[in-house]
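Participant: Could you have a look at this structure, given as structure tokens, before my questions?
Coordinate-derived values only; no laboratory data. This one's a predicted model, so the numbers in the text were calculated from it and none came from an experiment. Using ideal geometry, Cβ is built from the backbone for each residue, glycine included, and neighbour counts are taken over all protein chains shown.
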Amino acid sequence: MPVTPPSYDGVPRWIYVPAALGAVFVILPLVAMITRVDWSRFGQLITSPSSLAALRLSLQTSIVSTGLCLLLGVPMALVLARARFPGQRLLRALTLLPLVLPPVVGGIALLYTFGRRGLLGQSLEVLGLQIAFSTTAVVLAQTFVSLPFLVVSLEGTLRAVGSRYEVVAATLGARPTLVLRRVTLPLVLPGLLSGAVLSFARSLGEFGATLTFAGSLQGVTRTLPLEIYLQRETDADTAVALSLVLVAVAILVVGLSQGVRRTAATG
């Protein structure tokens, strides 16, 4: 009769103690916030005109910025993962810089690029285009901070799947564009979707760069995080209720991202 070997999870027993403390550290503030929600007025608080306008603007701009991340991030990830050229490491480091920069610094950089007296803003002003403190500025700020999430996710997936299938397709006579469309993108689709979801989540929660570059004009640039910040000074109940809405959206997004990654691992 075969003997079943004992199971081993590879984790020392003492590791569970700091792991549990870490979990409590993350979960406890969320629980504390939930206990402060005025549930009797919850629906009223999150459906006020200013709250709905902020939520609508956040969703609209986050969708557009995610589209821009896909448009720009997919080529960047492909170049970083597949091409070889001088300065590639420097380009990767600069691409990932928004991940470690304080968002307000990114907002200042965007302001001095697209503002009225910025590097490009002066020329755009002559053409009658004013970007700073507009809805377009919100989209640019969100794209600036979210783009690295897509690039990192997709580049990692590209390196993980390798290039053997692309090489086979190329040896059979397929042109690079056809290989990209019929081989590469289907292979990395889970990583691409995961990166897009993470970019959307980061855009939805963006605050510092948006406030610095776009300001806080209701219906124009005041996204949900900005509305929460302002309501915190005047109506704490509304701020907590709107924060819970963002938490719920974040949980949904993280769950969706984990589902995509799990599909990629088993697929």
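Participant: In the chain, which whole DSSP H runs stretch at least 20 Å along their own axis (Cα) and average -0.5 or higher on the Kyte-Doolittle scale?
Facilitator: Numbers: long enough: 16-35 (27 Å, 2.17); 49-82 (48 Å, 1.32); 135-161 (38 Å, 1.38); 189-204 (22 Å, 1.27); 236-266 (45 Å, 1.45).
Helices meeting the span and hydropathy rule in the chain are 16-35, 49-82, 135-161, 189-204, 236-266.
Participant: If you add up the charges near D235, with Lys and Arg at +1 and Asp and Glu at -1, over every other residue whose beta carbon is less than 11 angstrom from its beta carbon, what do you get? Working shown, then result.
Facilitator: On the way: positive: R41, R232; negative: D38, E227, E233, D237.
Taking every other residue near D235 into account, the sum is -2.
Participant: Got a sec? Charge dipole of the chain, +1 on Cβ for Lys and Arg, -1 for Asp and Glu; which of G73, L120, V167 is way out at the positive end?
Facilitator: V167
Participant: Looking at the chain as a GNM with Cα springs under 10 Å, which of T135, T234, T66 has the largest mean-square fluctuation?
Facilitator: T234
Participant: Net charge within 15 Å of T171 by Cβ-Cβ distance, Lys/Arg positive one each and Asp/Glu negative one each, not counting T171 itself?
Facilitator: Charge balance near T171 sits at +2.
Participant: Still on this structure, please answer the following. Place the peptides 70-76, 99-105 in order of packing, highest mean first, counting for every residue the other Cβ atoms within 10 Å and averaging per peptide.
Facilitator: Numbers: 70-76: 17.0, 99-105: 14.4.
Answer by packing, highest mean first, reads 70-76, 99-105.
Participant: Follow-up question, since we're still on this one. Any number yet on Rg/Rh for segment 189-261, C-alpha, Kirkwood? Provide the component values of the computation, followed by the final result.
Facilitator: Details: Rg = 14.2 Å, Rh = 13.3 Å.
On the Cα set of segment 189-261, Rg over Rh gives 1.06.
Participant: Rounded, prolate or oblate: which one fits segment 54-167, using the alpha carbon gyration tensor with axes a ≥ b ≥ c (rounded when a/c is under 1.5, else prolate when a/b beats b/c, else oblate)?
Facilitator: Details: a/c = 2.32, a/b = 1.76, b/c = 1.32.
Judged from the Cα gyration tensor, segment 54-167 comes out prolate (a/c at least 1.5, a/b above b/c).
Participant: Say we join alpha carbon atoms closer than 10 Å with springs in a Gaussian network model of the chain; which of A248, A201, A20 then has the biggest fluctuation?
Facilitator: A20
Participant: Let me ask something additional. If Rh is defined by the Kirkwood formula over all Cα pairs and Rg also comes from Cα, what ratio Rg/Rh do you get for the chain? Walk me through the intermediate numbers first.
Facilitator: Values: Rg = 22.4 Å, Rh = 21.2 Å.
Dividing the radius of gyration by the Kirkwood radius yields 1.06.
Participant: Please give the charge dipole size of segment 147-251, origin at the Cα centre, charges +1 on K and R Cβ atoms and -1 on D and E Cβ atoms. Round to the nearest 20 debye. Could you put the intermediate results ahead of the total?
Facilitator: Numbers: 8 positive and 7 negative charges, 150 e Å.
Roughly 720 debye for segment 147-251.
Participant: Could you list the trypsin sites (Lys or Arg not before Pro) in segment 98-180 that lie in coil according to DSSP, counting only those with at most 12 other Cβ atoms within 10 Å of their Cβ?
Facilitator: Numbers: sites: R116, R117, R159, R164; in loops: R116, R117.
Sites meeting the loop and neighbour criteria: R117.
Participant: What does the charge dipole of segment 88-168 about its Cα centre add up to, to the nearest 20 debye, if the Cβ of each Lys and Arg holds +1 and the Cβ of each Asp and Glu holds -1?
Facilitator: Details: 6 positive and 3 negative charges, 35 e Å.
Here segment 88-168 has a charge dipole of around 160 debye.
Participant: Averaged over all directions, how much area does the convex hull of the C-alpha atoms of segment 123-263 cover when projected, in nm²? It would help to have the intermediate numbers written out before the result.
Facilitator: Working: hull surface 46.8 nm².
Hull-based average projected area comes out at 11.7 nm².
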